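The values are calculated or read from the model by the stated rules, or taken from the named source; none is laboratory data. Computed from a predicted model, the values in this text were never measured in an experiment. With ideal geometry, Cβ positions are generated from the backbone for all residues, glycine too; neighbour counts draw on all protein chains shown. To get the accessible areas, we keep the full protein, side chains included, count just its heavy atoms, and leave off ligands, DNA and RNA. Shrake-Rupley method; radii C 1.70, N 1.55, O 1.52, S 1.80 Å.
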Amino acid sequence: MWNEPSRARLDAVPRLYETEDIPAQNKLIYLHFFIGGCDWYVAEFNGEDTFFGYSILNRDYQNAEWGYFSLAELKGLSVGWIEVDCEEPWEVVPAYAIPEIRRRA
């Protein structure tokens, strides 16, 4: 994985279920992982391996959804020599400010 997030960046993400009372569009997005036409936006983290956030696979905005995904799985993904990257720098923003998420609203 290119630009693997530091422990400090991971620790800044709210723990799982801490933001469950916040509407999805208002959740803050702390990390953005991507490869090709796939994007994963992180809103919560369990402190070990599991994220909760918004996933878009192969630019399929119609079937994009909020759910759980694994840091270990993201680290293991590659297309040839291209690996998943974590956008750096990333400014924490609400989900509604990300056009790819807004498309589904």
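What the table below lists for this structure:
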{"item": "The stretch 9-50, residues that are closer than 19 Å to Glu73 by Cα and of a type in the set (S, T, N, Q)", "result": "Asn46, Thr50"}
{"item": "Matching residues, the stretch 1-35, being in contact (Cβ under 8 Å) with a residue 40 or more places away in the chain, open to solvent by less than 40 Å² (accessible area, probe 1.4 Å) and within 22 Å of Pro99 (Cα to Cα)", "result": "Ala24, Lys27, Ile29, Leu31, His32, Phe33, Ile35"}
{"item": "Long-range neighbours under 7 Å by Cβ, at least six apart or interchain, first residue without any contact (Cβ under 8 Å) to a residue 60 or more places away in the chain within the stretch 75-104, second in a loop (DSSP other than H, G, I, E, B)", "result": "Leu77/Val84; Val79/Gly36; Arg104/Ala64"}
{"item": "Those residues of the stretch 28-59 which are among the acidic types (Asp, Glu) and in a strand (DSSP E or B), in sequence order", "result": "Asp39, Glu44"}
{"item": "Filter result for Val79 (in contact with a Gly (Cβ under 8 Å, 6 or more places away or on another chain) and either closer than 14 Å to Val13 by Cα or of a type in the set (Asp, Glu) (or both))", "result": "no"}
{"item": "When residues of the stretch 36-59 are limited to those that are of a type in the set (A, V, I, L, M) and more than 14 Å from Gln25 (Cα to Cα), the one surrounded by the fewest Cβ atoms within 10 Å (Cβ to Cβ)", "result": "Leu57"}
{"item": "Considering residues of the stretch 60-81 that are open to solvent by 20 Å² or more (accessible area, probe 1.4 Å) and in a loop (DSSP other than H, G, I, E, B) only, the residue modelled with the highest pLDDT", "result": "Asp60"}
{"item": "Among residues of the stretch 82-105, those that are open to solvent by 60 Å² or more (accessible area, probe 1.4 Å) and more than 22 Å from Leu16 (Cα to Cα), counted", "result": "9"}
